[in-house]
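Following: one structure in structure tokens, then a few remarks.
The values are calculated or read from the model by the stated rules, or taken from the named source; none is laboratory data. Only a predicted model underlies this, so the values are computations on that prediction, with no experimental measurement involved. Ideal geometry is used to build each Cβ from the backbone, glycine not excepted, and the neighbour counts take in all protein chains shown. Quick note on the areas: whole protein, heavy atoms, side chains included, nothing else; ligands and nucleic acids left out. Shrake-Rupley method; radii C 1.70, N 1.55, O 1.52, S 1.80 Å.
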Amino acid sequence: MKASKTKKTTSWSDVKARLTHFDRDGLVGLVHDLYTANKDNQVFLHARFGLGEDVLAPYKVTINRWLWPDMFRNQNASVAEAKKSIASYKKAIGHPEGLAELMVFYCERASGFSAEVGLQDEGFFIALVRMFEHALQAIARLPDAERPLLMERLDSVCQVSQNIGYGVEDAMRDLLVEYGTCD
């Protein structure tokens with residue numbers, strides 16, 4: 001007779017139950033171990049606790065790496081990896097102004113790289129236009145005083161995108177009109 005194989009998957013609930021047995025020093029030790037185990041954990045904790053002069057810098061480095069790869073080093077572009085950086089920031093701290101900044105930066109890097117190297121990747125462009133729209137939505141949620149500079153930067157992205165083709169500039173102009181930021 002065969003023994004039944006039932007796999008129990010572990011989840012956050014299991015981890016949370018174990019954490020109740022830790023004292024303060026044990027929790028601090030655990031966080032220390034997580035901190036030293038992975039650079040992403042360090043970035044997360046720095047952002048969460050507002051440590052360092054510019055908590056957005058490591059996220060921008062990652063976005064830049066994946067949206068403006070070094071072609072001489074045979075690096076590839078990756079929309080997914082760039083988006084992960086924004087998602088990581090959102091989990092770590094998610095301040096609306098930081099999210100808007102990272103989204104605008106994403107658009108700047110993606111459009112600049114596309115125009116400079118003559119990229120011909122429709123999926124890349126679709127992701128750029130989507131992020132452009134997400135950036136507009138994020139900017140719309142900011143206080144009025146914080147919007148103009150970010151909107152100027154998105155307008156510059158739109159201008160750079162006229163050299164890309166694939167209807168990218170037209171889609172961006174339509175979004176600017178839709179969000180009431182363009183005549």
Relative to the longest principal axis of the chain, what angle (0 to 90°, nearest 10) does the C-alpha long axis of helix 79-92 take?
60 degrees
Which three extents, in whole angstrom, do the alpha-carbon atoms of the range 105-183 cover along their principal axes, largest first?
37, 20, 18
Dipole moment magnitude, nearest 20 debye, the range 85-132 about Cα centre, only Lys, Arg, Asp, Glu C-beta charged:
240 debye
Using a Förster distance of 25 angstrom, determine the FRET efficiency expected from the C-beta separation of residue 145 and residue 54, and round it to 0.05.
0.75
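222 nm [θ] for the chain, helices only, -39500 (n - 2.57) per DSSP H run of 4+, per residue, to 500?
Numbers: 9 runs with 123 residues, N = 183.
Roughly -21500 deg cm²/dmol at 222 nm, from the helical runs in the chain.
Express the Stokes-Einstein translational diffusion coefficient of the chain in µm² s⁻¹, to the nearest whole number, given a Kirkwood radius over alpha-carbon pairs, 10 °C and a viscosity of 1.306 mPa s. Write out the running numbers ahead of the final one.
Working: Rh = 18.8 Å.
The calculation lands on 84 µm²/s.
Within 12 Å, Cβ to Cβ, of residue 46, how many net charges do the neighbouring residues add up to if Lys/Arg are +1 and Asp/Glu are -1? Intermediate values should be presented prior to the final figure.
Details: positive: 39, 48; negative: 40, 53, 54.
Taking every Cβ under 12 Å from that of residue 46, the sum is -1.
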In degrees, nearest 10, the alpha-carbon axis of helix 168-178 is tilted away from the dominant principal axis of the alpha carbons of the chain by 80 degrees
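Report the local net charge at residue 26: Lys and Arg +1, Asp and Glu -1, summed over other residues whose C-beta lies under 14 Å from its C-beta.
On the way: positive: 18, 24; negative: 23, 25, 33.
Summing Lys/Arg as +1 and Asp/Glu as -1 gives -1.
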Under a point-charge model restricted to the Cβ atoms of Lys and Arg (+1) and Asp and Glu (-1), what is the dipole moment magnitude of the range 20-107 relative to its Cα centre, in debye to the nearest 20?
300 debye
Quick check: pseudo-label points 7 Å beyond the Cα along Cα→Cβ at residue 27 and residue 81, how many nm apart are they?
3.6 nm
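Of 16/39; 8/83; 7/90; 60/91; 16/60, which pairs sit farther than 27 Å apart, going by alpha carbon to alpha carbon? Walk me through the numbers before you get to the answer.
Values: 16/39 23 Å; 8/83 32 Å; 7/90 32 Å; 60/91 16 Å; 16/60 32 Å.
Violating the 27 Å limit, Cα to Cα: 8/83; 7/90; 16/60.
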Lys/Arg Cβ at +1, Asp/Glu Cβ at -1, dipole of the chain taken about the Cα centre: which of 162, 56, 87 is farthest positive-ward?
87
Put +1 on the Cβ of each Lys and Arg and -1 on the Cβ of each Asp and Glu in the chain; which of 98, 132, 43 then has its Cα farthest toward the positive end of the dipole?
43
Rounded to whole Å², per residue accessible area for the range 125-179 with a 1.4 Å probe reads 53 Å²
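Could you tally the net charge around residue 62, taking each other residue with its Cβ under 15 Å from the Cβ of residue 62, Lys/Arg +1 and Asp/Glu -1? Could the numbers behind the result be given before it?
Details: positive: 39, 60, 65, 83, 84, 90, 91, 109; negative: 40, 54, 70, 81, 101, 108.
So the surrounding residues net to +2.
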Taking only Cα atoms, what is the 0 to 90° angle, nearest 10, from helix 96-117's long axis to the longest principal axis of the chain?
60 degrees
Computing the accessible area with a 1.4 Å probe over protein heavy atoms, can you report the carbon and sulfur percentage for the chain?
53 percent
